């Protein structure tokens, strides 16, 4: 556990960390005042840090001591851990199938998210217990995520040795209650395809992905100016997932008419800030977390769109297209797979 610091003490340490040659006391107090730390608490912070030998004065200049640098790094690490988008809960264990898998990196060159509002009862029938639909704006959600991935490879290898391929996944927004009674939110893939036979075989051989078995399809994403054309034509062994559309990728000023969202910010946390993928097997809930950059997504207009799975498949009659997002250039990698026991029913 790190040392406890007041906001003024943390601010003083950060200011001095940015000035390795040090600051005179009045300069330090002025910097703190610019950060909304008044003189009295700033003075008290400097005195307290000096008493703990985290800062020291020499020839009129205040600097962080080696102990101060160490304490600031520890404070930063704890603050960073507190901001983890997917913290481990008590009893959760790591269980990666391949140790180096977490060192794989790739990048979405271009991607789209077709956001469908779905009747909760219809989605519930596709989910294994204890997963249940996570409701936003009074409805359940399935996102059809299609992406062009570039240079997937272990870190340290040249991009020339990486794989380029397309992928489409149907991600349901879900949640479950763990053994401690805490709710955990994430996504469950009700369907997935790739156009690369080797990547399909690799994905389906790893426990990280066996919960949403990859199918195979011919795929295309092609740009002509602002128009993005995309198509997914599954092989005969994986029927029901034809996807065809054209997007006008010029950003819309706001959500389309008929959307339940009032802004991109309102949609962002429920449907974009989703980092965990769940799988259920052998009495365990498996959690695969993706660390990625920001989506930088924008609402765009579909010129043409046909999605067989949502319009004619398992969710036909219970799904409505709410909005479409388009994004470019997003890097990501996987964390080690984790799992926790599913609590007994009753």
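State which residue is modelled with the highest pLDDT when the search covers only the range 203-232 and only residues that are in a helix (DSSP H, G or I) and buried (at least 17 other Cβ atoms within 10 Å of the Cβ).
Ranking the qualifying residues of the range 203-232, first place goes to 203.
Mind checking which strands (runs of 3 or more DSSP E) fall wholly inside the range 236-346 and carry at least 3 residues that are over 19 Å from residue 85 (Cβ atoms)?
243-248, 301-307, 319-334
If you scan the range 215-242, which residues turn out to be in contact with a helix residue (DSSP H, G or I) (Cβ under 7 Å, 6 or more places away or on another chain) and in contact (Cβ under 8 Å) with a residue 40 or more places away in the chain?
Answer for the range 215-242, where residues must be in contact with a helix residue (DSSP H, G or I) (Cβ under 7 Å, 6 or more places away or on another chain) and in contact (Cβ under 8 Å) with a residue 40 or more places away in the chain: 240, 241, 242.
With the condition kept exactly as written, say whether any residue in the range 86-107 is within 23 Å of residue 260 (Cα to Cα) and either at pLDDT 90 or above or within 20 Å of the chain's Cα centre (by Cα) (or both).
No - not one qualifying residue is present in the range 86-107.
Can you tell me which condition residue 336 does not meet? The list is (1) within 21 Å of residue 147 (Cα to Cα); (2) touching a residue at least 24 places away in the same chain (Cβ under 8 Å), and all the others hold.
Just one mismatch for residue 336, condition (1).
Is at least one residue of the range 323-344 in contact with a helix residue (DSSP H, G or I) (Cβ under 9 Å, 6 or more places away or on another chain) and loosely packed, with under 14 Cβ neighbours inside 10 Å?
no
Please work out which one of (1) within 25 Å of residue 305 (Cβ to Cβ); (2) surrounded by 16 or more Cβ atoms within 10 Å (Cβ to Cβ) is the condition residue 235 fails and give its number.
Answer for residue 235: the failing condition is (2).
Just wondering, is there one or more residues in the range 163-183 that are in contact with a helix residue (DSSP H, G or I) (Cβ under 9 Å, 6 or more places away or on another chain), outside any strand (DSSP E or B) and either modelled with pLDDT under 95 or in the same structural domain as residue 295 (by TED's automatic domain parsing) (or both)?
No, the range 163-183 has no match at all.
Could you grab me the full set of residues in the range 260-287 that are surrounded by fewer than 17 Cβ atoms within 10 Å (Cβ to Cβ), within 20 Å of the chain's Cα centre (by Cα) and more than 22 Å from residue 333 (Cα to Cα)?
263, 265, 266
I'd like the residue in the range 288-315 that is over 13 Å from the mean Cα position of the chain (by Cα) and closer than 19 Å to residue 132 by Cα and, out of all such residues, is surrounded by the fewest Cβ atoms within 10 Å (Cβ to Cβ).
314
Which residues, taken from the range 23-53, are touching a strand residue (DSSP E or B) at 6+ places or on another chain (Cβ under 7 Å) and within 10 Å of residue 9 (Cα to Cα)?
Listed by number, the residues that qualify are 46, 49.
The values are calculated or read from the model by the stated rules, or taken from the named source; none is laboratory data. Remember, predicted model here, so these are calculated numbers, not experimental data. Glycine also receives a Cβ, built like all others from the backbone with ideal geometry; neighbour counts cover every protein chain displayed.
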